[in-house]
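Take a look at the structure set out below.
Each value in this text was obtained by applying a stated rule to the coordinates, not by laboratory testing. This is a predicted model, so every value here is computed, not measured. A quick note on method: Cβ atoms are made from the backbone with ideal geometry, for glycine too, and the neighbour counts reach across all protein chains shown.
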Amino acid sequence: MPLTTLVIVAAAYLLGSIPTGYLLIRLFLHQDIRSVGSGNIGATNVLRSGGKLLGAATFLLDMLKGCSAVWLGAWLGALLAPTALPLNMEALAALSAVLGHMFPVWLGFRGGKGVATGFGVFLVADPWAALAAISVFFLVLYFSRFVSLASILGSASFPAFSWLLNRMLAGSERPLFFIAVQFIVSFLIIAKHHQNIRRLLAGTESRFGSRKPE
């Protein structure tokens with residue numbers, strides 16, 4: 001089991017650590033996204049610095065690497081530890097992929113905020129809750145035009161949606177580790193927005209569509 005855990009953590013982390021925004025801006029604009037706008041490698045800064053197409057591509061690819069990490073974790077778990085709970089293997093991969101995105105070894109452990117990758121991992125591991133949380137994201141974004149606030153509230157709502165929908169649709173308890181990972185990922189995403197939270201409280205946060213760095 002320790003070997004299985006190590007293999008899943010390593011594989012999911014490496015998938016999550018692929019810096020898609022950085023690579024897209026390098027490939028198409030020959031720039032370092034870390035020196036442009038807010039300096040973040042995530043979809044919002046790519047959109048503001050590189051345009052809608054590259055921003056959408058970054059979100060999609062970050063989401064897909066999260067999905068792929070969880071699928072891979074589930075497959076490796078079934079192959080190497082068939083007696084382990086599948087949801088725990090998925091949760092382990094989910095957490096590792098999000099950490100890989102936030103702290104990629106390739107960029108000196110300075111990565112993105114984990115919103116798209118977090119959505120991707122739970123779109124596979126807990127799809128209905130993920131879809132509910134992303135709905136909160138888009139509603140908050142529509143009414144406030146703050147990407148950061150939408151990300152924070154969408155992330156915060158995810159564990160609650162998971163608990164509620166699991167009760168309504170599945171009727172069975174999730175493993176404790178799986179539940180813990182949901183809260184950990186949500187907390188990490190919110191914590192990564194600490195600078196945005198300070199600006200929101202100070203009234204200086206930029207709205208979606210502005211040219212100011214987020």
Taking the alpha-carbon centre of each part, the distance from the range 101-117 to the range 124-190 in Å is 20 Å
Return the label of the correct value of Rg and Dmax of the Cα atoms in Å, as calculated from the structure shown, out of (1) 17.0, 52; (2) 29.6, 123; (3) 20.9, 69.
-> (1)
Where does each of Ile152, Ile184 land when they are ranked from fewest to most other beta-carbon atoms within 10 angstrom?
-> Ile184, Ile152
Nearest-ten-degree value, helix 20-29 long axis tilted from longest Cα axis of the chain = 40 degrees
Using a Gaussian network model of the chain with C-alpha springs under 10 Å, which one of Val181, Val115, Val46 is most mobile by mean-square fluctuation?
-> Val181
With springs connecting C-alpha atoms under 10 Å apart, model the chain as a Gaussian network and identify which of Gly16, Gly114, Gly50 has the largest mean-square fluctuation.
-> Gly50
C-alpha long axis of helix 176-192 to longest principal axis of the chain, angle in ° = 10 degrees
Can you give the calculated 222 nm mean residue ellipticity of the chain, where each DSSP H run of n ≥ 4 adds -39,500 (n - 2.57) and the sum is split over every residue, rounded to the nearest 500 deg cm²/dmol?
-> -23500 deg cm²/dmol
Hey, in the GNM for the chain with a 10 angstrom Cα cutoff, which one of Ala191, Ala69, Ala93 fluctuates hardest?
-> Ala191
Residue order, fewest to most beta carbons within 10 Å, for Met89, Met168 | Met168, Met89
Among Ser96, Ser157, which comes first, then next, by fewest other beta-carbon atoms within 10 Å?
-> Ser157, Ser96
